[in-house]
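> Before I ask anything, let me first share the structure, which is written out below as structure tokens.
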Amino acid sequence: MVKFTKNAPIAMVTAYDAPTARLAESAKIDILLVGDSVGPNMLGYDSVHQVTVTDICHHVSAVRRGAPNSHIMADLPWEAVADNSPTKAAHAAAAIIAAGADSVKIEVEHGRIDLLTETIAKGIPVCAHVGYTPQSPELAVTVQGKDFDRACEIIELARIAEDAGSFMLLMELVPAELAKLITDKSELPTIGIGAGPFCTGQVQVIYDITGFSSRIFRHAKLFADSASPMKAAFTDYRNEVHAGTFPTMENCSAMNPDLFNQVSAWSKINE
Ligand code: KIV
């Protein structure tokens, strides 16, 4: 049963692996998102379009092992939605839930509402993603809804997705005023990324707030620069291995001298 409402703030962050999920759960993050950003961010893919249902299931399982008590949401990747088959989408969503997710997120553009409806009909909680939707290659990576037609289209998509039974709306890269209007009109909790402070909650890509991304995006904030100390640790480790100062006998276990003499003698006999 999904417990989120409009009345309590929601902090959501992407997680792709068990150790990160464990940390996020211990920090009481409300929702962990196994986004299709796992492709470019973790798997070295060029685009989210390469992410498969198997990839998402693999990472959902890892996140579930790290965060047994958290709500895990996962993206329905391009592979599951590309040919606009509601049956295929709902089947993929069921596999993702079986892998350990509590809900799925579906990007709502270009008549994908049928995919959403069929998935919800199977009893799977769906978060509808509107605004900038990275799976839509025709959209420029820029704020959506800055002109009248597109703003009205996003409002309409959000309304249709709500009427279809979504439990949550996610808005990416839309003007703050538009996100507020949609939030005010909707009964659903809304989650923003680059959508201003008036949404019920926020989502961020883990690497954008912890210093692993190549740059700091306007919609993000560097809450910690974890990459610099990590790089320093790698450099120190490498230098110590090369200098022979790590490991020492303190980093391993020694053998009982009598036993060692016996083993050594046996080894000589068996040369
Ligand atoms: O895949 C992802 O990380 C996302 C967020 C940017 C919302 O969809």
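The values are calculated or read from the model by the stated rules, or taken from the named source; none is laboratory data. As the structure is a computational prediction, the values presented were derived from the model and not from experiment. When we count neighbours, we look across all protein chains shown, and the Cβ atoms used for this are built from the backbone with ideal geometry, even at glycine. Surface accessibility is based on the protein's heavy atoms, side chains included, excluding ligands, DNA and RNA. Shrake-Rupley method; radii C 1.70, N 1.55, O 1.52, S 1.80 Å.
> Quick one: A18 ticks every box in (1) over 13 Å from G100 (Cβ atoms); (2) open to solvent by less than 50 Å² (accessible area, probe 1.4 Å) bar one, so which box is it?
(1)
> Quick check on region 121-132: of everything there that is open to solvent by 10 Å² or more (accessible area, probe 1.4 Å) and either under 21 Å from the mean Cα position of the chain (by Cα) or within 18 Å of C199 (Cβ to Cβ) (or both), which residue is nearest to the ligand (Cβ to nearest atom)?
Y132
> A further question follows. Can you tell me which residue in region 195-219 is nearest to C127 (Cα to Cα), limited to those that are touching a strand residue (DSSP E or B) at 6+ places or on another chain (Cβ under 6 Å) and among the small types (G, A, S)?
Taking the candidates together, the pick is G201.
> Among the candidates A176, A232, single out the residue that is more than 15 Å from the ligand (Cβ to nearest atom), closer than 17 Å to T142 by Cβ and free of Cβ contacts under 8 Å to residues at least 60 places away in the same chain.
Only one candidate passes the filter, namely A176.
> Can I ask one more? In region 174-184, is there at least one residue being closer than 23 Å to A90 by Cα and surrounded by 22 or more Cβ atoms within 10 Å (Cβ to Cβ)?
Taking every residue of region 174-184 in turn, none turns out to be closer than 23 Å to A90 by Cα and surrounded by 22 or more Cβ atoms within 10 Å (Cβ to Cβ).
> Please determine whether any residue of region 152-161 is open to solvent by less than 30 Å² (accessible area, probe 1.4 Å), modelled with pLDDT of 95 or more and either on the phi > 0 side of the Ramachandran plot or more than 16 Å from the ligand (Cβ to nearest atom) (or both).
no
For (1) among the charged types (D, E, K, R); (2) under 23 Å from L139 (Cα atoms); (3) assigned by TED's automatic domain parsing to the domain that holds L115, each residue gets a yes or a no:
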| position | (1), (2), (3) |
| --- | --- |
| D30 | yes, no, yes |
| V34 | no, yes, yes |
| P40 | no, yes, yes |
| Y45 | no, yes, yes |
| V48 | no, yes, yes |
| I56 | no, no, yes |
| S61 | no, no, yes |
| P77 | no, yes, yes |
| A80 | no, yes, yes |
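> Go through region 45-68 and count every residue that is open to solvent by less than 60 Å² (accessible area, probe 1.4 Å) and without any contact (Cβ under 8 Å) to a residue 12 or more places away in the chain.
The total comes to 1.
> Turning to a different aspect of this structure: Report the residue count in region 196-219 for those that are near the ligand (Cβ under 10 Å from one of its atoms), under 13 Å from E172 (Cβ atoms) and among the hydrophobic types (A, V, I, L, M, F, W, C).
2
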